[in-house]
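What follows is a set of notes on a single structure, which appears directly below.
The values are calculated or read from the model by the stated rules, or taken from the named source; none is laboratory data. Only a predicted model underlies this, so the values are computations on that prediction, with no experimental measurement involved. Note that we place each Cβ from the backbone using ideal geometry, even for glycine, and neighbour counts take in every protein chain shown.
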Ligand code: BDP
């Protein structure tokens, strides 16, 4: 799915700002048919929750309504007119005047409504969007809604971040010609110092398709006619981690030499491959350093914010990180575009977090019912999960920064039914994209002995908390557990393994000379213990600390104003460990710290 853009043949209007806002109530019947009652307004893009002081709004379970008036530009007569919602978390229904024009389930991928036959250029329309934050056992991510004796709905979920909801990304209206370029798919191959840029164009309506590739200086380096084919680029400039280089591919649809539609996307030429126990980018072993992140800031919740985007990437650069994982959902496309332009490597994750009835925010209990079964994650959940994978890959397939798909975070891969649930999903992801490796971030209870899916993965990503949820305050014991665990995985599977999560809650300003949890020293020493162990393991290909920054969660006895495992505070101030990480990551760059031994 193409991200809308203004081109010589297309116009684009951004609909961000403050929208009328109302919480759904029983007496609110068909709210799209009139101006929303009350005087509430909510900012878009932003989660609505923390914008309001009323706990009934912040914690509302169910639908909320956004509404605004939109003028359809009068110059759009004869054009195709499309409304695009970058994200409605977790489900959206869109009305233009009294008419339902789109519905979408899945909180972190875009959807569109074709308004061509519904609106009139030059006229204003009332646009109303309902957004539902309810999670059930058949949504991704899963959750549970219960209705209390007071008649109020309450919601619980198995993921350790606040269920921010609403319109956290932009809303757009755009025009295209009636005959238009619907999709572009690019893959790249390297042959010596030359590259093949393979393209497939999905064009709607008659006309001739042609493509050309320009370099960063604007010079055309290759051209071709037809809806699919290969462009050959000699002396290619590679897209490299830390050294991005982007060509531009322009697709033109013409009719007898008249330009009908035109669309351009950036193209990074790079290869990704798993060979033995190595992860190769452009044929070179790559070692991931960085973080699992969240889209999370004060007031905005998960709202995309360009200033935080710039600042977070500045901090990644400052600390010497070369990568991050989009834990635990697809991030705003602007984030991936930024990563493309700045050479940051991304592991792109679906919203499948919490498919594990035995875990709660890192704490465990025995699942009352099996995770994979009729009342847990069932066929319907799996179908929803498949749809999330389709939409993620459809949206992000052309980003050079994305080097791996993460199908799920901490599912119960140790439980019965996991293989039956995951094997078809892994097959699907491979079918949709044969160029990128696939991983799952493996929960602590999935061990190299009891895990049921790891052999299906290309890279084994581990989330481990030795020294926190296990052996807290005892880094010596933690080190032994960790060593044994990593060794077990690498010896059994012979695949690359990486740490997708390791970290400890840390309160800035807490200090100790001993191994005392929550102190800044403990975070530092916990990390260096891990690094010693990582560097001894020949199959180890990367370390992503949990988390880049502190983030909001539901309330709980083990959470103090949210999860405090950030290396930066929620307002992005470095904790002590940031400096030691910086020293290590600047030193090692993109390469594994010590040469593999035969340990
Ligand atoms: C892991 C989860 C992550 C949590 C983390 C923690 O993948 O989302 O925030 O633990 O407990 O289980 O800090």
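Quick check: is even one residue across region 125-134 assigned by TED's automatic domain parsing to the domain that holds residue 15, farther than 30 Å from residue 390 by Cβ, at pLDDT 95 or above and within 32 Å of the chain's Cα centre (by Cα)? Within region 125-134, one or more residues are assigned by TED's automatic domain parsing to the domain that holds residue 15, farther than 30 Å from residue 390 by Cβ, at pLDDT 95 or above and within 32 Å of the chain's Cα centre (by Cα).
Comparison of 423, 394 shows that the only residue that is surrounded by fewer than 24 Cβ atoms within 10 Å (Cβ to Cβ) and either within 16 Å of the ligand (Cβ to nearest atom) or under 26 Å from residue 294 (Cα atoms) (or both) is 394.
Residue-wise test of (1) within 28 Å of the chain's Cα centre (by Cα); (2) surrounded by fewer than 19 Cβ atoms within 10 Å (Cβ to Cβ).
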| position | (1), (2) |
| --- | --- |
| 18 | yes, yes |
| 21 | yes, no |
| 26 | no, yes |
| 35 | no, yes |
| 38 | no, yes |
| 46 | yes, no |
| 49 | yes, no |
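Would you confirm whether or not region 467-482 contains a residue that is crowded, with 21+ Cβ neighbours inside 10 Å, in contact with a strand residue (DSSP E or B) (Cβ under 9 Å, 6 or more places away or on another chain) and in contact (Cβ under 8 Å) with a residue 60 or more places away in the chain? Within region 467-482 (the criterion being crowded, with 21+ Cβ neighbours inside 10 Å, in contact with a strand residue (DSSP E or B) (Cβ under 9 Å, 6 or more places away or on another chain) and in contact (Cβ under 8 Å) with a residue 60 or more places away in the chain), the answer is no, since none of the residues qualifies.
In summary, strands (runs of 3 or more DSSP E) completely within region 206-263 and bearing 2 or more residues that are under 23 Å from residue 10 (Cα atoms) occur at 208-214, 220-225, 247-255.
Residue-wise test of (1) surrounded by fewer than 22 Cβ atoms within 10 Å (Cβ to Cβ); (2) out of contact with any helix residue (DSSP H, G or I) (no Cβ under 7 Å at 6 or more places or on another chain).
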| site | (1), (2) |
| --- | --- |
| 73 | yes, yes |
| 83 | no, yes |
| 94 | no, yes |
| 116 | yes, yes |
| 129 | no, yes |
| 133 | no, yes |
| 140 | no, no |
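For residues in region 426-450 being surrounded by fewer than 23 Cβ atoms within 10 Å (Cβ to Cβ) and within 16 Å of the ligand (Cβ to nearest atom), which is farthest from residue 503 (Cα to Cα)? Among those that are surrounded by fewer than 23 Cβ atoms within 10 Å (Cβ to Cβ) and within 16 Å of the ligand (Cβ to nearest atom), it is 447.
Among the listed residues 290, 320, 268, identify the single one that is at positive phi and away from the ligand (no atom under 16 Å from the Cβ). Unique residue meeting the criteria: 320.
If you go through region 129-155 and keep only what is touching a strand residue (DSSP E or B) at 6+ places or on another chain (Cβ under 9 Å) and without any contact (Cβ under 8 Å) to a residue 60 or more places away in the chain, you end up with 135, 136, 144, 146, 147, 148. The set of residues from region 533-563 being out of contact with any strand residue (DSSP E or B) (no Cβ under 6 Å at 6 or more places or on another chain), outside any loop (DSSP other than H, G, I, E, B) and within 11 Å of the ligand (Cβ to nearest atom) comprises 556, 559.
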